[in-house]
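Read the structure below first, then the notes.
The values are calculated or read from the model by the stated rules, or taken from the named source; none is laboratory data. Predicted model, so just to flag it, every value in this text is computed and none were measured. Please note: Cβ atoms are built from the backbone with ideal geometry, for glycine as well, and neighbour counts cover all protein chains shown. Surface areas here come from the heavy atoms of the whole protein model, side chains and all, with no ligands, DNA or RNA. Shrake-Rupley method; radii C 1.70, N 1.55, O 1.52, S 1.80 Å.
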Amino acid sequence: MISVVIPVREGGSPAITLRSLSAQTYRDFEVIISWDHSANANSARNAGERSARGDFLLFSDDDIDWQPDALDVMLEVLDVRPDIAYCWGSYRRGEELVGMQAFDADILRRRNFVPTMALIRRDLFCGFDPSIERLQDWDLWLTMLEQGHSGAYCGRELFRTAVKPGITEDGAMDWTTAARIVAQKHGLA
């Protein structure tokens, strides 16, 4: 089973994500809405994981429009590749297609190319660091890399998301500062 964890902030709505999940061709999944009362999505994600029953985890933002076969596609890659810990696909952010990068540890140490929305083997999930305010996904993938785990790009587009104000566009912390914090934590600076 796949446990889909959706952190939702006060005033947020997971309607888009829930609608697209209801259309999935893969049906053995549960949805866990984890309310982010502290404005810390990492804490909400970790709380959701603690409630999960699945063997696989998918952390999904609340505004993700999943392709109908997204869960099938990622799970098939993990079934065929028992040597990898997680799988992701490319996605449309507005009209821009991003995330089309095969796994490369050296590139990952320089920049993130794996979205938060990746299917993870639950027994290898190490948790999100609540102290990381931005680039939480990069921090997670670097931590998993340090533990000897890698991922795989599935080779196709799996979801869409709108470009809107928020942590990615205009968060309280600028991207350069956030990247420096993550790089320092992992000894890459």
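Give the residue that is nearest to Asn42 (Cα to Cα), with candidates limited to residues of segment 99-123 that are open to solvent by 30 Å² or more (accessible area, probe 1.4 Å) and in contact with a strand residue (DSSP E or B) (Cβ under 8 Å, 6 or more places away or on another chain).
Restricting to residues being open to solvent by 30 Å² or more (accessible area, probe 1.4 Å) and in contact with a strand residue (DSSP E or B) (Cβ under 8 Å, 6 or more places away or on another chain), the top hit is Arg122.
Under 9 Å between Cβ atoms, which residue pairs at least 6 apart in sequence (or on different chains) link something in segment 81-108 that is under 22 Å from Arg160 (Cβ atoms) and of a type outside the set (Gly, Ala, Ser) with a partner that is in a loop (DSSP other than H, G, I, E, B) and modelled with pLDDT under 95?
Correct list of pairs: Trp88/Gly99; Tyr91/Gly99; Arg93/Gly99; Arg93/Ala162; Arg93/Val163; Glu95/Val163; Glu96/Val163.
Applying the selection to segment 39-63, what residues are within 16 Å of Gln136 (Cα to Cα) and open to solvent by 40 Å² or more (accessible area, probe 1.4 Å)?
Within segment 39-63, Ala39, Ser43, Asp61 meet the criteria.
In segment 26-38, how many are over 20 Å from Asp139 (Cα atoms) and either open to solvent by less than 20 Å² (accessible area, probe 1.4 Å) or assigned to a strand (DSSP E or B) (or both)?
Summing the residues that are over 20 Å from Asp139 (Cα atoms) and either open to solvent by less than 20 Å² (accessible area, probe 1.4 Å) or assigned to a strand (DSSP E or B) (or both) in segment 26-38 gives 7.
Write out, first by first residue and then by second, each pair whose Cβ atoms fall under 6 Å of each other, whose residues are 6+ apart or on separate chains, and whose first residue, in segment 48-60, is farther than 14 Å from Ala118 by Cβ while the second is among the basic types (Lys, Arg).
Close Cβ pairs (under 6 Å, with a partner that is among the basic types (Lys, Arg)) amount to Asp55/Arg122.
Going by the structure shown, is Ile16 of a type in the set (A, V, I, L, M), more than 16 Å from the chain's Cα centre (by Cα), under 18 Å from Thr116 (Cα atoms) and outside any loop (DSSP other than H, G, I, E, B)?
Details: of a type in the set (A, V, I, L, M): yes; more than 16 Å from the chain's Cα centre (by Cα): yes; under 18 Å from Thr116 (Cα atoms): yes; outside any loop (DSSP other than H, G, I, E, B): yes.
In short, yes.
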